[in-house]
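Chemist: Structure incoming, see below.
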Amino acid sequence: MDYYKPHHHHHHLTNAQSDAGPPPYPPRYVMLSDNTPSTNLRPPPYRRNLPHYYSSRLSKTTGGCLCCFCATLLITSLTAAALLAYLYTYLSLQLPRYSVEHLGVRAFEVRPDTLSLRAELEVAVRAENPNRRVGIEYGKGGAAAVAFGGERLCEGELPAFFQGRRNTTRMRIVVAGEGPFGAGMQRALVEGQRRGRVPLEVTVKAPVALVVGTWRLREVTVLVSCALVIDGLATNKKARIISSSYKFGVKF
């Protein structure tokens, strides 16, 4: 009978493995100290991350707080809307009305050699408050400006004052400026002067607050844009207004 005989060169490999002993297992834990280098610390093999469990109690608490916040916000919004509707109905609020009555020219000098311009104008603005129960307070920081062809010629400050109920006030605003005025703009201005139709844009920005008795409401910014066509610009001359159109806006 034939028997299987193992090869001898395999016995040498087996003996070498048995002499070396079993491979070392990683330690279950490592004692850390100030002298332990961080490079010797490696995560153990075959580690398993523990699953995370979230508490349903936290979710319920968060959802309840969110619902309370939304309900409070809704009630506040409805209350504010109802208050505004009541004030609007009771006070019969009307928007103030503005218009440019005339434009005086104190100085107007076009300089072709330096392509610049110097202007000083006087703008008379009529402000009308038609409300019976509401006063208007004009705060500091208001401004007016005059432009030609999109180029600002001059600007000035608005006075701060209080306008009573059912009151009409006329403001005389002096605007002045000096700056570049290109050849193309000069040609357009000369042509407008020749035809007797010079288009200008007067803009007014005024911070105002409504006053009901002793109650001062929140301040807003009133924006007025007036497109004017005048007969011309000459020093020491009152320009005649040919046509005008207005746009109004409020910035909260």
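Chemist: Can you tell me which aspartates and glutamates have their Cα less than 14 Å from the Cα of LYS140? Leave out same-chain residues fewer than eight positions away.
Modeler: Those aspartates and glutamates meeting the cut-off are GLU157, GLU219.
Chemist: On a full-extension model of 0.36 nm per residue, what is the gain between ALA81 and ALA160, subtracting their alpha-carbon distance, rounded to one decimal in nm?
Modeler: Taking 0.36 nm per residue and subtracting the Cα distance, the gain is 25.4 nm.
Chemist: Multiply the residue gap between ALA227 and ARG133 by 0.36 nm, knock off their C-alpha separation, and tell me the result in nm, one decimal place.
Modeler: 30.7 nm
Chemist: Now, a different point. For a Förster distance of 30 Å, can you work out the FRET efficiency between the beta-carbons of ALA188 and THR235, rounded to the nearest 0.05?
Modeler: So the FRET efficiency works out to roughly 0.95.
Chemist: Right, another one. Would you kindly state how much longer the chain becomes between CYS65 and ALA143 on full extension, computed as 0.36 nm times their sequence separation minus their alpha carbon distance, in nm to one decimal?
Modeler: Extra length available between CYS65 and ALA143 comes to 23.4 nm.
Chemist: For ARG97 and ARG216, what does the FRET efficiency come to when R0 = 25 Å and r is the distance between their Cβ atoms, rounded to the nearest 0.05?
Modeler: 0.70
Chemist: Please work out the FRET efficiency for the pair THR114 and VAL250, using the Cβ-Cβ distance as r and a Förster radius of 35 Å; give the result to the nearest 0.05.
Modeler: Plugging the Cβ-Cβ distance into 1/(1 + (r/R0)^6) gives 0.30.
Chemist: Based on the inverse mean of 1/r over its pairs of different Cα atoms, what is the Kirkwood hydrodynamic radius of segment 163-252, in Å?
Modeler: Over segment 163-252, the inverse of the mean reciprocal pair distance is 16.3 Å.
Chemist: Counting Lys and Arg as +1 and Asp and Glu as -1, what is the net charge of the other residues whose Cβ lies under 14 Å from the Cβ of GLY232?
Modeler: +4
Throughout, read-outs are computed from the coordinates displayed, never taken from laboratory work. Values in this document were obtained by computation on a predicted structure and should not be read as measured data. All Cβ positions, glycine included, derive from the backbone under ideal geometry; neighbour counts span all protein chains shown.
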